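The values are calculated or read from the model by the stated rules, or taken from the named source; none is laboratory data. The structure displayed is predicted, hence computed values, not measured ones. Cβ placement follows ideal geometry from the backbone for every residue including glycine, while neighbour counts extend to all protein chains displayed.
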Amino acid sequence: MRITGPDSFRVLHIDSDFPVLTTADDVNDILGATWGENIALIAIPVAQLDTEFFRLSSRLAGDILQKFVNYRARVAIIGDISAHVAQSDALRDFVWESNRGEQVWFLDDEAALATRLG
């Protein structure tokens, strides 16, 4: 994990050496890393999410994202999920709705994150 940004808006980036998130309990380590660090947003690469995350009927996405929301942690899922979205209208709608808000974003890459943050 690494932290970027000014003290006023720090982003915790989850690196590829972090274990893949397969349950909502896996979020605890991430939340623990934010404690006392003034983290404004957590950036999670798509590769760090179990593929079941993108099958909404598995409830994994809801469980993981709800845990972040409960702790008021903003999250950006970073990476290409077009193959998953092409297979599911529900996921496409979920991503669209999420990106309209401020709590959870799905972004193609780090450049898109930088643009979104302004």
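Observations, loosely collected:
- For the stretch 32-44, the criterion of a residue being out of contact with any Asp or Glu (no Cβ under 6 Å at 6 or more places or on another chain), in contact (Cβ under 8 Å) with a residue 60 or more places away in the chain and within 21 Å of ASP108 (Cβ to Cβ) is satisfied by at least one position.
- The listed residue being exposed (fewer than 14 other Cβ atoms within 10 Å of the Cβ) and under 14 Å from the mean Cα position of the chain (by Cα), out of ARG59, ARG72: ARG72
- Checking ILE14 against (1) within 20 Å of GLY118 (Cα to Cα); (2) surrounded by 13 or more Cβ atoms within 10 Å (Cβ to Cβ), the condition it does not meet: (1)
- Members of the stretch 2-24 found to be more than 11 Å from ASN38 (Cα to Cα), polar (S, T, N, Q) and at pLDDT below 90, listed by number: THR4, SER16
- Pairs are defined by a Cβ separation below 8 Å, a sequence spacing of at least 6 or placement on different chains, a first member in the stretch 57-72 that is in contact (Cβ under 8 Å) with a residue 24 or more places away in the chain, and a second member that is small (Gly, Ala, Ser); the pairs so defined are LEU60/ALA24; ASP63/ALA24; ILE64/ALA24; GLN66/ALA24; LYS67/ALA24.
- Leading residue by the ranking (surrounded by the most Cβ atoms within 10 Å (Cβ to Cβ)) among those in the stretch 97-118 that are in a helix (DSSP H, G or I) and acidic (Asp, Glu): GLU110
- Residue within the stretch 14-22 that is farther than 21 Å from ASP109 by Cα and either touching a residue at least 12 places away in the same chain (Cβ under 8 Å) or part of a loop (DSSP other than H, G, I, E, B) (or both) present: yes
- Scan the stretch 47-63 for residues that are part of a loop (DSSP other than H, G, I, E, B) and more than 20 Å from SER16 (Cβ to Cβ) and the total you get is 2.
- Top-ranked residue in the stretch 31-46 [being at pLDDT below 95 and outside any strand (DSSP E or B); ranked as nearest to ILE81 (Cα to Cα)]: LEU31
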